[in-house]
Structures are given as C-alpha cells and as structure tokens.
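The values are calculated or read from the model by the stated rules, or taken from the named source; none is laboratory data. None of these values were measured; they are calculated from a predicted model. When we count neighbours, we look across all protein chains shown, and the Cβ atoms used for this are built from the backbone with ideal geometry, even at glycine.
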Amino acid sequence: MRTFFLIIGLGLSVASASAGADRSQSNEAARAEAVLHYADVVHAAYVDAQGGAQRLQESVEKFCARPDEAGLQACRKAWERARQPYAVTEAFRFYGGPVDDASGPEGLMNAWPVDEAWLESGDGRGLIEDETTWPEITAEALRAANQKEGEKNIASGWHALEFLLWGKDESLEGPGQRPWTDFTSAPHAERRTAALRVLAQALGQDLEGLVQAWSPSVSGNYRSRFLQMETAEAARCMLTGLIYLSGQEMAGERLNVALETRDQEDEQSCFSDTTTQDLRHNLLGLQTVWAGTYESIFIAENDVSGEGLQKACHALDPAMADAVTAALNRCAQLAASLPEPFDRAIQNPDGSHERRMYQEMRAELEQLSNLFQAVADKMSLQIIAGGAFYNG
C-alpha cells in the first residue's frame, strides 16, 4: 500500500457480445475470474497482516527485555502500522469465513469497546491485579477471560494490546499516556509485562491461522472449499462482506453510534486515537475487493493485481459499476481529509465542521452499502437482510 488510497478507473473496456448466450457466458466468466482472484487477494492481505503482527511481537519482546521510553514508543508505532493491513482484511468478514465462523478468531483479535477495569481496575479487581482469581497470566487464561461475564470484558487481541501500550485516553488532544515505568517499577509490572508479551504472541498465531486457511499451498483448507463453491455463492460471500462492512459496521457501529452518543468509549481505537486510520484502511479493504488490487505494506513481493468485482459488475451493467467506483472514490477522498483525533471531532457542537465531515462520511458509506446491495440484486444474489442500509 505504497499509495494511501486507490483511485479506481471508470469505464472498464469489456468486449460486447452479439447474442444473449454469449453475454451470459461472458458475465459468468468475469464473475468466476473475480472469485478466483479474490482468494489470492485475501491470502496476500492476511500474509501482510501477519507480517505486521510479527514485527509488533518483535518490538514487544525487545521492550519487555529492556523497558524504556524509546522501546514503548517503538511498540506503539509497530501496533499502529500492523493495524493498517489488518483493517483491510475486515472486508473479508461477515459471511462465515474462517475469521468469523463459529470457531473463528475474530472475537479474540478485534473485539471492542474495552472495559478498562476488566484488565486494570485500580482497586485490585482487574485481571492484571487480581492474582487470586487469575494466578497466572498466560495466553490461555486471557483467551478464557475474553468477554467473560460481558461483551466489553476484553482480554485479548488488538484493543487489549492497545490499552496496555497507551493506557486510558483522558484527553481530547491526544492518546493515552501510559508511562513505560508501568512495566518496571509500578505495582503489578511483571504481570502487565507478561500480558503484553502473551497477547502479542497470540495475535500473531491467530493471523497465521488465517494465512494457512487461505494459502494456495495447503490442501483441504477454506480456500479450497471456497473455490469449489458455485460461483454465485462465492460472489455472494464477497458482496456480503462489502455490504456489511460499509453499512452496518462502518456507517453504523463505528460512526453513527459515536456521533449519537458523543462518547469517547464508543470509538474503536480509543486509547491510541487511531480510529480514523482504521476507517481509512477499512475503506481500502472495500476498494481492494472491488478493484482486485492489493499493495502490501510489509512484503513488497506480496502485491496482487487482477480483476475484482468491478469487472464482473461491468459485464452486467456498466453504469452501475461506474456508480460504485465513483462512490468508492468519493469516500476515499473524503476519508483522506477527515479531521483527527476522532474523539474530539465527535464531541464538537452540532453544525461544527468536524462533526459535519464525519456525518458526511457516514452518509457516503450508507450510500455505498446500498450500491453494493444493488450489485448483488443485479447478480441475483440473496444477501441476508440487515447487512446494509438497503430498503429494496
């Protein structure tokens, strides 16, 4: 991802078919090509995300061995960088694939918002403080504690790591300011350090599992089953991810809720103040599936270029394909100009420039979700109701 956003070209050239049968074959071929290429894109993105997690783990190990301010800052930077390709992969969710089926790791990796008191309460009740209930800080213990007794009781994944690295964000002017001495001389420093280490390790392991699930060199994995699906079913999965991420998730859970409540706790990456970065890279995930192009952050030779859903849609309805592409480009340009930090923007008065920008982003994403639903309708694909702001 050496360029921040893709600006996708309009008006793809597609050979005209002289007869209905020929056109139908051309449409099916374009869709089959998009499905095959999607598997390559998903694998490349997970390889990239796992590479980022590996670099984060290396930074954490160095910091835990010799804690200091520079080491903590290096861990924070590595976390921010690793989040970027992971946010792209969220476009591969919502259809029961390996990341979020009944046994998938999504809830262990990316659950939010975090109730900080579940980890550190300040009065001895948090996991890090309570040595009676939680005598050992291990990956197994933290996974077992994740969302135990409440969905906000997060003890695993990106946002538990984020809290350990930044601490609670108590300012609208910047992120949390946890001191590096929390890992040396503060009470429970050893347990805090152990939690940081095992969470970084577990994140990398979960992502490696997804790499293997989509690897072309592993027989009998999810990729194999995906490519054996009927083309229409595979395309339905692809569009379900786009519809849900743009609509219910980005426009709804991540923007609408925060705009309505004005609550800092309702922003996704609240401790690091990187919620806007998450939105930008989620959008890049939508563009990646639509255009079929993935540019790696960490592994240059991992770039993928081919045909995405854009071509398959264009074979059916060029005007619709161009409308989706134009909407994606509008979203990309708007996202690039969003004011930061997110928590300060949402708490500004009604009518302020900052709030209007995020409200406009929400509206554009709702429209984009509707357009993805229209593509599914054009392809005669049934999408589960409630995944988008679609009233058709």
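Observations on the structure shown:
- Number of the exception - ALA234 against (1) in contact with a Phe, Trp or Tyr (Cβ under 7 Å, 6 or more places away or on another chain); (2) within 25 Å of ARG83 (Cα to Cα): (2)
- Positions within the stretch 149-164 being out of contact with any Phe, Trp or Tyr (no Cβ under 8 Å at 6 or more places or on another chain) and at pLDDT below 95, in sequence order: GLU149, GLU151
- Any hit, the stretch 54-73, residues being outside any helix (DSSP H, G or I) and among the β-branched types (Val, Ile, Thr): no
- Those residues of the stretch 346-363 which are buried (at least 20 other Cβ atoms within 10 Å of the Cβ) and not aromatic (Phe, Trp, Tyr), in sequence order: ILE346, MET361
- For the stretch 62-75, the criterion of being at pLDDT 95 or above, buried (at least 22 other Cβ atoms within 10 Å of the Cβ) and under 22 Å from the mean Cα position of the chain (by Cα) is satisfied by at least one residue.
- Conditions (1) of a type outside the set (A, V, I, L, M); (2) more than 14 Å from the chain's Cα centre (by Cα); (3) surrounded by 24 or more Cβ atoms within 10 Å (Cβ to Cβ); (4) not in a loop (DSSP other than H, G, I, E, B): number failed by CYS270: (4)
- Residue count for the stretch 103-145 satisfying the condition of being assigned to a loop (DSSP other than H, G, I, E, B) and within 17 Å of GLN268 (Cα to Cα): 5.
- Residue-level analysis places GLU90 outside the set of residues that are surrounded by fewer than 19 Cβ atoms within 10 Å (Cβ to Cβ) and either outside any loop (DSSP other than H, G, I, E, B) or touching a residue at least 40 places away in the same chain (Cβ under 8 Å) (or both).
- Subset tally (residues that are surrounded by 15 or more Cβ atoms within 10 Å (Cβ to Cβ) and β-branched (Val, Ile, Thr)) for the stretch 145-181: 1
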